[in-house]
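Only one structure is covered here, and it is reproduced in the block below.
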Amino acid sequence: MFAPRLYFRARPTTTAVLRRCLGSTADAQTLDARLKADLKAAMKAKDKVRLPVIKGILSDILYAEKNPAGGASFSRGSDADVAAIFQRAIRRRNDSIESFVGGGREDLAETERAKLAILQDYLPTQLTVEQIEERANQVIQQLGVTGSKAMGAVMRDIGINPTEAPKAKIAEVVKRLLASSA
């Protein structure tokens, strides 16, 4: 008896199949896609500093995606949502650096500074306090408001992307400007 010969015909590769396997080209510009590409590069290069930082951020993104805080929706494809995760991680690193310096552990502070530099590479250039003040003053003048009760309206209309500056920094500047104008 002989075994039947099976011939397999290769499926033609379509663009839809390639997009599904490789990811679409539109995703290549998001922070999440950039992180995944950098993770792969760091793994190949066996980079001992960069790899845990990227893995930690990806873990934070996955956690935010699975457990939305306060009913807020999180989108992995939204750079604003991912930037908020980055800013939280940057704030944690800054707190760690302060603690290590205060405790006399300059060696650990240096490693945290290296990790902080890696995180800051992913965010665009942050707005300075003066630039935030300029935009806030424009909005305050447009709305013609004074006093701290108008803070919600000013924050809503200021239009600063969360990737450009942390919301806490923006709120601090707006609160100070509204208090001085009252």
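Read-outs: derived from the displayed coordinates by stated rules, not from any lab. Here the structure is a predicted model, which means the values were calculated and not measured. Positions of Cβ are generated from backbone atoms using ideal geometry, with glycine treated the same way; all protein chains shown enter the neighbour counts.
Note on Val101/Lys167: beta-carbon distance plugged into 1/(1 + (r/R0)^6) with R0 of 25 Å gives a FRET efficiency of 0.40. Using a simple spin-label model with pseudo-atoms 7 Å out from Cα toward Cβ, Leu62 and Leu143 lie 4.0 nm apart.
The slack in the chain from Glu134 to Arg176, taken as 0.36 nm per residue of separation less the alpha-carbon distance, amounts to 13.8 nm. Rounded if a/c is under 1.5, else prolate if a/b is larger than b/c, else oblate: which is region 25-142, with a ≥ b ≥ c the root eigenvalues of its Cα gyration tensor? Verdict is oblate for region 25-142. Count Lys and Arg as plus one, Asp and Glu as minus one, and take only other residues whose Cβ is under 15 Å from that of Ala165; the net charge is then +1. 3J(HN,Hα) couplings calculated from phi for region 120-130 with the Karplus curve 6.51 cos²θ - 1.76 cosθ + 1.60 (θ = phi - 60°) are, in sequence order, 5, 5, 7, 8, x, 4, 7, 5, 7, 4, 5 Hz; Gly and Pro show x. Here the Karplus relation 6.51 cos²θ - 1.76 cosθ + 1.60, evaluated at θ = phi - 60°, turns the backbone of region 78-91 into coupling constants of 8, 5, 5, 5, 5, 5, 5, 5, 4, 5, 5, 5, 5, 5 Hz, with x for every Gly and Pro.
Rounded to the nearest 0.05, what FRET efficiency is calculated for Met43 and Glu110 with R0 set to 22 Å and r the Cβ-Cβ distance? Efficiency, from the Cβ-Cβ distance: 0.40.
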